[in-house]
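Single-structure report; data block below.
The values are calculated or read from the model by the stated rules, or taken from the named source; none is laboratory data. Small disclaimer: the values here were computed from a predicted structure and weren't measured. Counting neighbours? That spans all protein chains shown, and the Cβs are built from the backbone with ideal geometry, glycine included. Surface accessibility is based on the protein's heavy atoms, side chains included, excluding ligands, DNA and RNA. Shrake-Rupley method; radii C 1.70, N 1.55, O 1.52, S 1.80 Å.
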Amino acid sequence: MSREDPVRWRRCVRHFLWNAFFHPFNIILIVLSVISYITSDSPNGCIMLVLVLVSVCLRFYQEYGSSKAAMELSELTYFLEMRLLSSKHLVVSQASLTGESWTTEKTADIREDQSTPLLDLRNICFMGTNVVSGSGSGLVVSTGSKTYMSTMFSNIGKKKPPNDFEDGVRRISYVLVAVMLVVVTIIVIVDYTTSSALTESILFGVSVASALTPQMLPLIVNTSLAKGAISMARDRCIVKSLSAIQDMGSM
């Protein structure tokens, strides 16, 4: 991602920061940390904030760096489409666009009707297709985002639905929050009833909530996924989303 476009660069930075930060366990740890500071348990609150910070920075660094590398690679790819001016026994394969294995004959000496489907145009060569035999020359009529292949890429799910791994983490976090709310509420009420010390009861409840929370889980998960992404990067494979590591591992 080039810094020549500062607005786009800042928007992407905010997007990756938000994705790295908005993790259910991170939210739980931040809430517990705030409560710890309110109840004068600063060391415990500081530890939880440090764990969140390290986890967020690790995920942001990996995903932002991978996306930046992928964007730099995409800038080296030129998208264009061409209207044939001359051709000689030109046969091309459009399998990358149609999914079909058979070839298509292209010719410049034809006038297509406006009702002809785009991929059936015999006087147009598309980006992403390859020449099987013959030769030809033409005039570039579409480039960049106006090409058929670029349109295909831009329409592929801009907002991906969560995968099974992300759904599992979210369900576990919801169960954990529910259990914590019930258990901590009961403990605080019972302790306050017997001791009549509200501050100490809340502090005890926060301690129990902290014990119920797997504080190292976000850091361990992000570290493991980042390690997988680094291993794949050594084999020249860029992973833009860390959650994709789990999908590939389950295949």
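Couple of notes before you dig in:
- Residues being over 15 Å from L90 (Cβ atoms) and not aliphatic (A, V, I, L, M) - total across region 115-142: 6
- For region 13-40, the candidate set comprises residues that are within 19 Å of L198 (Cα to Cα) and part of a loop (DSSP other than H, G, I, E, B); within that set, the residue that is least open to solvent (accessible area, probe 1.4 Å) is T39.
- Assessment of region 145-158 against the conditions (at pLDDT 75 or above, over 19 Å from S33 (Cα atoms) and open to solvent by 90 Å² or more (accessible area, probe 1.4 Å)) yields no matching residue.
- For region 118-128, the condition of being open to solvent by 60 Å² or more (accessible area, probe 1.4 Å) and touching a residue at least 40 places away in the same chain (Cβ under 8 Å) holds for none of the residues.
- Scan of region 129-139 for residues that are touching a helix residue (DSSP H, G or I) at 6+ places or on another chain (Cβ under 9 Å) and either among the small types (G, A, S) or open to solvent by 50 Å² or more (accessible area, probe 1.4 Å) (or both), ordered by number: N130
- Note on region 105-150: residues that are among the hydroxyl-bearing types (S, T, Y), part of a strand (DSSP E or B) and farther than 12 Å from L84 by Cβ total 3.
- Scanning region 19-39 for residues that are modelled with pLDDT of 75 or more and more than 20 Å from Y174 (Cα to Cα) yields S36, Y37, I38.
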